[in-house]
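A.B. asks: Please find one structure pasted underneath; my questions will follow.
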Amino acid sequence: MKAFCKILLGAAVITAGFLAADRLGARLAGHIYAGSRTKLEYAAEGCDEQLLIFGYSRAQHHYAPEILSEATGMSVYNFGTGGQNIYYHYALLNAVLAHHTPETVILELGHIDYMQTPSRFDRDKLGKLAPLYYRNDSVASVIRLCGPEERYKFALSHLYAYNSTAWDILYGKLSPDSDNSAFGHNGYVPIDGQYDGALKEATDDYTLFDASKIACLERFIERCREREIDLIIAISPAYHIRTGDRVERIAERIYSRYGIEILDCEQLLARLEYADCFKDELHMNRKGAEFYTRLIARRLKQSGIRNPEEAHCERQP
């Protein structure tokens, strides 16, 4: 009996030591992360710009805040994040809204925001949101989309929230602002180089709509409406010939439910003479991004982009 009690006591001491070390480590990691210069931390603390941009890599590379700011007089930040979809964008929006309400939001809409995709473009990367798990209930609800086991992992270990962010912390601490994508260009990451491939039909790899993603997209829209934020949903230029009708179908759904017409510029530069505006089929280089951003800036300045009847893109000379 005494031996059994010793075993129980030893187990209790070890457990208590583990929990104490875990909580202490989490507090230390949280303190360090709070001072890191990452887009996620900036969304949670510090963001106060009037115009915010959300979306995947095409948002990150296609919208130049300096041009938008110069044309509109608004402060601008680009929260575009490569490889992430509407779940992540919705979480970032909620992180911002916990302390700040912007005047205008631009959402760069991609197929990974409403179509069924492989796991790497679905929920696999939502762990990047983990440092905000204990700080924002809306963000935590998005993280739990990864599966019910996530709730137990976070309950067992508070340090778990930081186990995938060590590189983000180190990079944010050591890199100068000019090299740090979170702050060097207000979140915008320009690309140099020129695409040398052929102009061809887009490969339609994803053919099924994703009800869960679409529901999240609609919650994104509704959150903006609740805060009376002017929301612009846009599709920036790509160097391919679009096939299928998925864009038209999601656009029709959004318009019928919310009266928002997507600013569809995907085919704006899909001509041979504009090849020098692209780095690859899906991403514009610096030249193309600046051209497109000036177009968006003119629309914002004229306020025409906020009128669903005028939300369209004309090719410019």
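A.B. asks: Looking only at the range 29-50, which residues are open to solvent by 60 Å² or more (accessible area, probe 1.4 Å) and at pLDDT below 55?
C.D. replies: Result: His31, Ile32.
A.B. asks: Can I ask one more? Any residue in the range 140-162 that is on the phi > 0 side of the Ramachandran plot and at pLDDT 60 or above? Steps first, please.
C.D. replies: Of the range 140-162, the ones on the phi > 0 side of the Ramachandran plot are 147.
If we keep only those that are at pLDDT 60 or above as well, we get 147.
So far as the range 140-162 goes, yes, one or more of its residues are on the phi > 0 side of the Ramachandran plot and at pLDDT 60 or above.
A.B. asks: Within the range 81-102, work out how many residues are of a type outside the set (Gly, Ala, Ser) and within 14 Å of Asp113 (Cα to Cα).
C.D. replies: Looking only at that region, the number is 8.
A.B. asks: Identify the residue in the range 211-246 that is closer than 15 Å to Glu108 by Cβ and in a strand (DSSP E or B) and, among all such residues, is most open to solvent (accessible area, probe 1.4 Å).
C.D. replies: Leu231
A.B. asks: Just give me the residues in the range 52-69 being of a type in the set (A, V, I, L, M, F, W, C) and surrounded by 23 or more Cβ atoms within 10 Å (Cβ to Cβ), in sequence order.
C.D. replies: Across the range 52-69, the qualifying residues are Leu52, Ile53, Phe54, Ala59, Ala64, Leu68.
A.B. asks: If you don't mind, another one. Could you tell me which residue of the range 248-298 is farthest from the chain's Cα centre (by Cα), considering only residues that are more than 27 Å from Lys213 (Cβ to Cβ) and of a type in the set (D, E, K, R)?
C.D. replies: My answer is Glu273.
For (1) under 15 Å from Ile86 (Cα atoms); (2) open to solvent by 10 Å² or more (accessible area, probe 1.4 Å); (3) aliphatic (A, V, I, L, M); (4) part of a helix (DSSP H, G or I), each residue gets a yes or a no:
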residue: Thr101; (1), (2), (3), (4): no, yes, no, no
residue: Leu107; (1), (2), (3), (4): yes, no, yes, no
residue: Pro131; (1), (2), (3), (4): no, no, no, yes
residue: Arg135; (1), (2), (3), (4): no, yes, no, no
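A.B. asks: Evaluate the following for Ala98: is it modelled with pLDDT of 95 or more and within 16 Å of Ala43 (Cβ to Cβ)? Working first, answer last.
C.D. replies: Numbers: modelled with pLDDT of 95 or more: yes; within 16 Å of Ala43 (Cβ to Cβ): yes.
Spelling it out, Ala98 is indeed modelled with pLDDT of 95 or more and within 16 Å of Ala43 (Cβ to Cβ).
The values are calculated or read from the model by the stated rules, or taken from the named source; none is laboratory data. It should be emphasised that the depicted structure is a prediction, and the values quoted were computed from it without experimental measurement. Methodologically, a virtual Cβ is constructed for each residue, glycine included, from the backbone with ideal geometry; neighbour enumeration extends over all protein chains shown. Surface accessibility is based on the protein's heavy atoms, side chains included, excluding ligands, DNA and RNA. Shrake-Rupley method; radii C 1.70, N 1.55, O 1.52, S 1.80 Å.
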